[in-house]
Amino acid sequence: MQRAEFESANLLADSGYRRFRDRSPDWAARFLVLEGEILLRQGQSKEALGILDRALPSSLRNDDVAVRQLIARGVAHSRLQEFAEAENCLNQAERNAIGKSPQVQAEVAINRGTFFASRYQFERARSEYRLSLKWAEDTNNDYLRSNSLGGLGFASMLQARYDEAIDSFNASLVIAARIGNQSLQAVTLGNLGTCYYRLGDLDRAKELLQQAADAFSHLGMPKQQGGFLNDLGLVSFDQGQFAASASYLQRALSISRGIQDQEMMVNALGNLADLALQNGQIEVAVNYASEALSLSRKTDNPERELEALSTDAEVDVSQQNYHQAENKLNHVIQSATEPWLRWTAESDLAQTYAIQQRFDDADSEFQKGLSAVDEARASLNVEEHRLSFLTSASRFYNSYIDFLVGEGRTNDALRIVEHSRARTLAEGLGLKSAALNSALAPEQISRQSGAVILEYWLKPGQSYLWAVTPNKVALFKLPADADINAAVQDYRKALLSPRDPLDTGNASGRKLYNMLVAPAQKLIRPGARVIIIADGALNNLNFETLIAPTPKPHYWIDDVVLSDASSLALLAGPRHATAPRLKNLLLVGDPTSASPEYPRLPQAATEIDRVEHHFPARARLVLAGAQGTPQAYLASDTGRFSYVHFVAHGTASRTTPLESAVILSPQGDSYKLYARDIVTKPLHADLVTISTCYGAGSRAYTGEGLVGLSWAFLRAGAHNTIAALWEVNDASTAQLMDNLYAGIDRGRDPAVALRAAKLAMAHSDGIYRRPFYWAPFQLYQGSNGTDPKLPPRTPSGDD
């Protein structure tokens, strides 16, 4: 039973009961209690009570099995929303457990903890879980230890303390895996998925939730399977995968109806109502929302009732019942304890006001919602969790920005966009983001940068482009994110194919230019500097490769000097120098092979030689070959170099971007210079060049952009980085880098020098003229001359 092998457990329990019912009432009763516990684990609460309510022989009333019977009855009553009976059973179990075995006392505490947590009595829940953990530690019982840690995580998750919850769940998961307990592993994976969903890490959430749902399906535990299918429906909805969302939610609803789990039904019905509203199916939404609200009032779970009420208010708005919607949403806002529920309700109320042209009231509600988002984000202590968090609030931001654009408040809308941009990066650099107050002056930032700034915001229905010049801010409406994303994906495939897109007249390259650049083309003179602040899929696109139509089709790199930035606030950062402007170089690379997966790069030595010759011997430190280890880089005085250059393999982790790494020479078992370690070494370099594959990263976060090696070096304080969007060719790269530093030798700044090096290839006669060879490398601008704050070190499983 503990290993969730329920079919075998049930056969054994039934066999034991039949064997002893006429020969030993005590043993028969023990097996009967086990049968009830097994049914309970399988989500059959009513059936379990039918067995567990049978009286035990008087000889067992002071036995451990009597306590277990009370525990199981309490859990069954709780799942059936019969909370008074549940609490009575669990209180009696606690009294009867005094003087019993530590395992029984621990099981009482765990189940009382879960009961109190589900009733939102968190301090009582934590007290019980800590008590059960003490019993588990005293008896060295891994099963109870894993359960207790999972319980602490559960309480933290319900309080939206996701950092703490993830730590507890990870500790529980390690133990559950060690003892081979499949059900504990599955529930912990699912709870981790729920935490990552609330943190906005949708990819990781979906992977974990799918594992949990599949595991519970295999184990025959429908209640748990249905709960995580419901969460998968939410993740798919937020990813814009509405057909997949409907499939998950309908399966969850079917399971919940089959086992008569009212709370699960409320969740599935409410989410299906939201989906129906998204698809314009008003009558369908009315039916789902009405049933969800009716059932929620029978669950005695205040947060689920508030969720259902919020959905019902959305239906009221769709039917123009504005007064009813306002009353319901105000109640949700005043009563909700979960931050995401509060800011969602505030967004919905603001939109309700806007429909009625109560614009001041709408703006006030949006501002309250923004404060709720900020408050929830500020509560996170782990930097990686702050990176993903704003994804969970993307619908709120979309609504607020649409409202401001609709009001003609172009600059205010840009201010809200900037409120979400590069928050984690700016905080790490010790910057007070100008986007957080009314001092943001886009035209001044454009003047200061000497560039036209194109800032994008992609969203369903309609996307936006703000073009910022020294004299004005212009807003342009663009197609929906789905249309732009599809074109980017098609063009990426063309850029990586054997043929030159310019020769083939690639339609996606032209289409993207017309979508993204043409609306603002009149504001960009030939030869101008342009800074791109990308969003979503645009983080994976090199705008230099877009095909401009006149006077004849050509790559946009011929017309402008391009670079990328994370936000206007970073571009407005301090301009003072924090290190000597001496031209010197830290050069790391041409590592010895650490494993067959990372063979020695044939042209790495050539690139090392070409780069180092642009610096006199006294002004360079070269860590090449066996000397080029992660430890050697971390031990060097990185802050004194104006240029840092890496020549090596690189990896980009999509699931955990701070695990992206430069592959260097091995020293002991270590050969990876991780992004999470890079951010701990302050830099003041004018330029860090990461001459590796995928140095820019492969994971884009809402507001933060691509996070990987380039982001880590900017976070450490580099003023500019050059990094690759895709796999690079080491022979062409050696030539490109030689030309880059030759341009810097002639006094060109990195953006101009990089463009010149690329143009030399693009207009050559050889194979290197294809953008596959010159276009992967992009220049990313950071803040100028800031003093980075080192992040707090987060313990990991390796420590």
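The values are calculated or read from the model by the stated rules, or taken from the named source; none is laboratory data. Given the structure is predicted, the values throughout are model-derived calculations rather than measurements. Backbone-built Cβ (ideal geometry, glycine too); neighbour counts: all protein chains shown. Side chains included, ligands, DNA and RNA excluded: accessible areas come from the protein's heavy atoms. Shrake-Rupley method; radii C 1.70, N 1.55, O 1.52, S 1.80 Å.
When the range 603-621 is filtered for residues that are of a type outside the set (Gly, Ala, Ser) and open to solvent by 40 Å² or more (accessible area, probe 1.4 Å), the ones remaining, listed by number, are GLN603, THR606, ASP609, ARG610, HIS613, PRO616, ARG618, ARG620, LEU621.
Of all residue pairs spaced 6 or more apart or on separate chains, those with beta-carbon atoms under 8 Å, a first member in the range 342-369 that is open to solvent by less than 10 Å² (accessible area, probe 1.4 Å) and a second member that is not in a helix (DSSP H, G or I) are ALA345/ALA336.
Got a sec? Which of ALA718, ALA753, ALA742, ALA760 is part of a loop (DSSP other than H, G, I, E, B) and either in contact with a strand residue (DSSP E or B) (Cβ under 7 Å, 6 or more places away or on another chain) or modelled with pLDDT of 75 or more (or both)?
Just one listed residue meets the conditions, ALA718.
Scanning the range 270-311 for residues that are open to solvent by 60 Å² or more (accessible area, probe 1.4 Å) and of a type in the set (Asp, Glu), we see that the one that is nearest to ARG79 (Cα to Cα) is ASP300. Say we look at the range 111-138 and pick out the residues that are over 18 Å from GLU87 (Cβ atoms) and not acidic (Asp, Glu); which of these is most open to solvent (accessible area, probe 1.4 Å)? So the residue we want is ARG130. For the range 497-513, filtering for residues that are over 11 Å from THR545 (Cβ atoms) and under 31 Å from the mean Cα position of the chain (by Cα) leaves 2.
If you scan the range 244-269, which residues turn out to be hydroxyl-bearing (Ser, Thr, Tyr) and surrounded by fewer than 19 Cβ atoms within 10 Å (Cβ to Cβ)? Once the filter is applied, which keeps residues that are hydroxyl-bearing (Ser, Thr, Tyr) and surrounded by fewer than 19 Cβ atoms within 10 Å (Cβ to Cβ), the range 244-269 yields SER247, SER254.
May I ask you to verify whether PRO460 is within 22 Å of ALA413 (Cα to Cα), outside any strand (DSSP E or B) and open to solvent by 10 Å² or more (accessible area, probe 1.4 Å)? Give the derivation first.
Details: within 22 Å of ALA413 (Cα to Cα): yes; outside any strand (DSSP E or B): yes; open to solvent by 10 Å² or more (accessible area, probe 1.4 Å): yes.
Yes.
For residues that are without any contact (Cβ under 8 Å) to a residue 12 or more places away in the chain and of a type in the set (D, E, K, R), tally how many sit in the range 600-633. Even if it seems obvious, please write down each step before you answer.
Within the range 600-633, the first condition is being without any contact (Cβ under 8 Å) to a residue 12 or more places away in the chain, and the residues that meet it are 600, 609, 613, 616-618.
If we keep only those that are of a type in the set (D, E, K, R) too, we end up with 600, 609, 618.
Selection size over the range 600-633: 3.
Among the candidates ARG145, ARG124, ARG130, the residue that is in contact (Cβ under 8 Å) with a residue 24 or more places away in the chain and not small (Gly, Ala, Ser) is uniquely ARG145.
Yes or no: LEU12 open to solvent by 20 Å² or more (accessible area, probe 1.4 Å), closer than 25 Å to SER217 by Cα, outside any loop (DSSP other than H, G, I, E, B) and at pLDDT 95 or above?
Working: open to solvent by 20 Å² or more (accessible area, probe 1.4 Å): yes; closer than 25 Å to SER217 by Cα: yes; outside any loop (DSSP other than H, G, I, E, B): yes; at pLDDT 95 or above: yes.
In short, yes.
Residues that are open to solvent by 10 Å² or more (accessible area, probe 1.4 Å), out of contact with any strand residue (DSSP E or B) (no Cβ under 8 Å at 6 or more places or on another chain) and not in a loop (DSSP other than H, G, I, E, B) within the range 463-495 comprise ALA482, ASP483, ASN485, ALA486, GLN489, ASP490, ARG492, LYS493, ALA494, listed in sequence order. Going by the structure shown, is PRO519 assigned to a helix (DSSP H, G or I) and over 27 Å from LEU390 (Cα atoms)? Yes; evaluated as a whole, the condition is true for this residue.
For the range 638-660, give me the residue count where each residue is within 17 Å of ARG386 (Cα to Cα) and open to solvent by less than 30 Å² (accessible area, probe 1.4 Å). Steps first, answer last, please.
The first filter runs over the range 638-660 and keeps only residues within 17 Å of ARG386 (Cα to Cα), leaving 654-659.
Imposing the further condition that a residue be open to solvent by less than 30 Å² (accessible area, probe 1.4 Å) reduces the set to 657-658.
The number of residues fulfilling the criteria is 2.
Of the helices (runs of 4 or more DSSP H) entirely within the range 324-394, those holding at least 1 residues that are touching a His at 6+ places or on another chain (Cβ under 8 Å) occupy 359-378. Selection of the range 624-635 for residues being farther than 18 Å from SER691 by Cβ and either touching a helix residue (DSSP H, G or I) at 6+ places or on another chain (Cβ under 7 Å) or open to solvent by less than 50 Å² (accessible area, probe 1.4 Å) (or both) yields only LEU634.
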